[in-house]
Amino acid sequence: MANLNTKKIHDKRPLSPHLTIYKPQLSSITSILHRITGVWLFIGLIGFIWWVVCSIYTSFDNAIAKPEIFETVIGRLVLLSWTISLFYHFLNGIRHLIWDAGYGFNIKTADKTGLLVIFGTLVLTTISWIIALGLI
Amino acid sequence: MKKEKLSYQTNLAKVKALGSAKSGTHHWWMQRLTAILLMPLMVWFSILAIKIVTSTNLELFDLFASPYNSMGIILFIITSLYHAFLGIKVVIEDYIHCPKMKLIMVIMLHITCWISGIAGLLAVLIYNVTIFGAL
């Protein structure tokens, strides 16, 4: 049976430009960020679940439950990127659910809620990290 | 008289298995439902994560022994894994064009989610049983 996807084999015809010419907008950026944060969250989620599994089976051994890697700068940056992704995906997800319910799906309102999501993400990340670092 | 089912698909489209996959609406609704369920679970998980980070490993024993926390972790693992599975499945289907690779990656996604989910549930369950037996 012939390959259903013949595009790669036969199609050398040019595509018109898209990402290279389209002006980035709040709508498109928030949308692709939702997907990117989702993928990153998935990877972190699998990591978190295996942290739970390994910690439990080693009786919360210090080396496993409190790995040194999260004390390093790079480790903390990775954690920070995951928490930013968490709060962004959470808030933007609520924005999506509001759209699904039928409200606010016009350019003006969507732009306002988009800015709210970004602002909220920064606020929530800052608050949670301040509490987690014990600065409060 | 045999009544023929009305279909607008051409014969070629039928043979190539084009058209709807029939489970799209279910996927869409499950994604939204898990999202709604994850709203309170997310708040709970954020608090748990802060507690995990700020407690010593001796305090972690008690944190995971609490039945409320265990319930929360199990509900969180199941719901977030299902939500993530639905999401990543769509991402794979969007960006992988080769049908063989698409199938392989979706199956690998299934395996990853199932193994991680069962491992997580089993660990929390065994921990609770052990703690309960030690009481």
Accessible area per residue of region B:1-132 at 1.4 Å probe, in Å²?
67
Helix A:73-100 sits at what angle to the longest principal axis of chain A, using alpha carbons and giving 0 to 90 degrees rounded to 10?
50
Largest first and to the nearest Å, give the Cα extent of region B:25-112 along each principal axis.
50, 25, 18
Using a Förster distance of 45 Å, how high is the FRET efficiency between A:Thr72 and A:Lys112, based on the Cβ-Cβ distance and rounded to 0.05?
0.70
Exceeding the 28 Å Cα-Cα cut-off - candidates B:Lys16/B:Lys102; A:Lys23/B:Lys14; A:Lys12/B:Lys100; B:Lys14/B:Lys102; A:Lys23/A:Lys108:
A:Lys23/B:Lys14
Once you average over the residues of B:84-92, how many Cβ atoms of partner chains fall within 10 Å of each Cβ?
3
Between the Cα axis of helix B:24-54 and the main Cα principal axis of chain B, the angle (0 to 90°, nearest 10) is 20
With the calculation restricted to Cα positions, what are the radius of gyration and Dmax of region A:51-92 in angstrom?
13.0, 37
Accessible surface buried upon B-A contact (total; probe 1.4 Å; Å², nearest 100)
3300
Considering only protein heavy atoms, what per residue accessible area in square angstrom results for chain A with a 1.4 angstrom probe?
68
Partner shielding of A:77-84, taken as the mean number of other chain Cβ atoms within 10 Å, equals 1
How big is the gap, in Å, between the Cα center of region A:25-101 and the Cα center of region B:51-109?
10
Provide, in order from the shortest bin, the percent of all Cα-Cα pairs of the protein assembly as shown in each 10 Å bin, continuing until the bin that contains the maximum pair distance.
5, 22, 29, 23, 13, 6, 2, 0
Ignoring ligands, DNA and RNA, please state the percent of accessible area on region A:14-136 from carbon and sulfur, probe 1.4 Å.
75
What's the magnitude of the charge dipole for region B:30-135 around its Cα centre, counting Lys and Arg as +1 and Asp and Glu as -1 at the beta-carbon? Answer in Debye, nearest 20.
300
Per residue of A:40-52, other chain Cβ atoms within 10 Å number on average 6
Can you tell me the 0 to 90 degree angle between the C-alpha axis of helix A:107-132 and the longest principal axis of chain A, rounded to 10?
20
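The values are calculated or read from the model by the stated rules, or taken from the named source; none is laboratory data. The structure displayed is predicted, hence computed values, not measured ones. Here the Cβ is made from the backbone with ideal geometry for all residues, glycine too, and neighbour counts use every protein chain on show. The area values use the complete protein model at the heavy-atom level, side chains included, leaving out ligands, DNA and RNA. Shrake-Rupley method; radii C 1.70, N 1.55, O 1.52, S 1.80 Å.
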